[in-house]
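The values are calculated or read from the model by the stated rules, or taken from the named source; none is laboratory data. Keep in mind the model is a prediction, meaning the values are calculated, not measured. For neighbour counting, all protein chains shown are included, and Cβ atoms are generated from backbone atoms with ideal geometry for every residue, glycine included. With ligands, DNA and RNA removed, areas are computed over all heavy atoms of the protein, side chains included. Shrake-Rupley method; radii C 1.70, N 1.55, O 1.52, S 1.80 Å.
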Amino acid sequence: WGSRGGGWARSVSCLSAACDCFRASPRLDRTPFKSAPSARTACWAHHEALGLRAAEDAVCVCDGGETGAFRQKGASDQPYLWARLDRKPNKQAEKRFKNFLHSKGNPKEFFWNVEEDFKPAPECWIPAKEIEQINGNPVPDENGHIPGWVPVEKNNKQYCWHSSVVNYEFGIALVLKHHPDDSGLLEISAVPLSDLLEQTLELIGTNINGNPYGLGNKKHPLHLLIPHGAFQIRNRPSLKHNHLLSWFEGCKEGKIEGIVWHCGDGCLIKVHRHHLGLCWPIPDTYMSSRPVIINMNLNKCHSAFDIKCLFNHFSKIDNQKFARLKDIIFDV
């Protein structure tokens, strides 16, 4: 549920298949919903995703053997980190699309020539699984984009912050989640990529979205992955405008970007602070103020890491506990 300009609008988007669900963007789908679903679970919105609506920093982990994108590199069975990349129309096609929307209003009636209307994609780009296809060509969504993925390569400068959280040699990634034995404690650990197959995650850190969680600094940037839906809200507010406002403004747990409700029928409903006229980012977020422990368990491969990589820095502070997530510092 979200409000813009003082009016209420319902927003629902269906959850896609495992590898193709992304984080919701601030602008919500206006699809009408005839009856309110029963809320099953509520999660922090900055760690959750809707069907085909994602920020550029959404990532997934999938097997090269499934997609075929890595067969030519001899790594068809190796889990890889993939970054979200939408194919977008060229200027002429985008202008034609906007003019059509202004006159007709229904994007589903617009005719796209995918081969001519869209900017070229990298050779390794693959469309999201849930994208509709006609005659072998993916069909653009109502925004005129074709959601998809590209593999995160180590030497690709465009995805240098993505590649900093993954090590393909040892098949591990830096992940932030709840400590398994203490729900009040966060944990940063090196998780096998094989454990993250078919999941989507969010990249956060120093150089991502203005760094609302205060991680690292310019000299020593720090980035982490968070599995979508990893943080559930214990005392979620009801779906009433005043209750939501009170929760976001007066509750400690409400110092977050937003909430995504997981509904019994498989739908996801998101409310972002912006939809209520509230600011984001905010100082001292709920997550950045929580205690965290480092649990790397990298004894077997510690000596093989590049001395400048995040895995090496974290291995030096293994088993250390910090009072706040944003207090993590590297002794370099």
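Brief remarks on what is shown
- Scanning the stretch 176-205 for residues being in contact (Cβ under 8 Å) with a residue 24 or more places away in the chain and assigned to a loop (DSSP other than H, G, I, E, B) gives a total of 2.
- Subset of the stretch 230-247 (residues that are open to solvent by less than 20 Å² (accessible area, probe 1.4 Å) and within 21 Å of the chain's Cα centre (by Cα)): Phe231, Ile233
- Residue satisfying all of: in the stretch 276-297; of a type in the set (S, T, N, Q) and open to solvent by less than 20 Å² (accessible area, probe 1.4 Å); nearest to Phe322 (Cα to Cα) among these: Ser288
- Filter result for Phe170 (over 30 Å from Ile282 (Cα atoms), among the aromatic types (Phe, Trp, Tyr) and either out of contact with any Lys or Arg (no Cβ under 8 Å at 6 or more places or on another chain) or surrounded by 16 or more Cβ atoms within 10 Å (Cβ to Cβ) (or both)): yes
- Residues that are polar (S, T, N, Q) and at pLDDT 95 or above, drawn from the stretch 183-238: Ser189, Thr206, Asn207, Asn211
- Scan of the stretch 128-151 for residues that are of a type in the set (D, E, K, R) and open to solvent by 60 Å² or more (accessible area, probe 1.4 Å), ordered by number: Lys129, Glu130, Glu132, Glu142
- Checklist (1) at pLDDT 95 or above; (2) over 25 Å from Asn295 (Cβ atoms) applied to Cys251, failing item: (1)
The rows are residues; the columns are (1) outside any helix (DSSP H, G or I); (2) of a type outside the set (D, E, K, R); (3) touching a Lys or Arg at 6+ places or on another chain (Cβ under 7 Å); (4) farther than 30 Å from Ile307 by Cα.
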{"residue": "His220", "(1), (2), (3), (4)": "yes, yes, no, no"}
{"residue": "Leu225", "(1), (2), (3), (4)": "yes, yes, no, no"}
{"residue": "Arg234", "(1), (2), (3), (4)": "yes, no, no, yes"}
{"residue": "Ser238", "(1), (2), (3), (4)": "yes, yes, no, yes"}
{"residue": "Leu245", "(1), (2), (3), (4)": "no, yes, no, yes"}
{"residue": "Phe248", "(1), (2), (3), (4)": "no, yes, yes, yes"}
{"residue": "Leu278", "(1), (2), (3), (4)": "yes, yes, no, yes"}
{"residue": "Ile282", "(1), (2), (3), (4)": "yes, yes, yes, yes"}
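- For His262: the one exception among (1) open to solvent by 30 Å² or more (accessible area, probe 1.4 Å); (2) within 27 Å of Tyr159 (Cα to Cα); (3) touching a residue at least 12 places away in the same chain (Cβ under 8 Å): (2)
- Selected residue (criterion: nearest to Pro221 (Cα to Cα)) from residues of the stretch 131-142 that are free of Cβ contacts under 8 Å to residues at least 12 places away in the same chain and part of a strand (DSSP E or B): Gln133
- Residue satisfying condition, being at pLDDT below 95 and open to solvent by 20 Å² or more (accessible area, probe 1.4 Å), within set Lys154, Lys119: Lys154
- The selection criterion, being open to solvent by 10 Å² or more (accessible area, probe 1.4 Å), in contact with a helix residue (DSSP H, G or I) (Cβ under 8 Å, 6 or more places away or on another chain), assigned to a loop (DSSP other than H, G, I, E, B) and under 17 Å from Lys326 (Cβ atoms), does not hold for Gly210.
- The numbered conditions (1) surrounded by fewer than 17 Cβ atoms within 10 Å (Cβ to Cβ); (2) modelled with pLDDT of 95 or more are all true for Val165 except (1).
- First in the stretch 240-255 and over 13 Å from Leu276 (Cβ atoms), second anywhere and open to solvent by less than 70 Å² (accessible area, probe 1.4 Å) and of a type in the set (Val, Ile, Thr), Cβ under 6 Å, 6 or more apart: Lys255/Thr285
- Residues located in the stretch 143-175, provided they are closer than 30 Å to Asn106 by Cβ and in contact (Cβ under 8 Å) with a residue 40 or more places away in the chain: Gly144, His145, Ile146, Pro147, Gly148, Trp149
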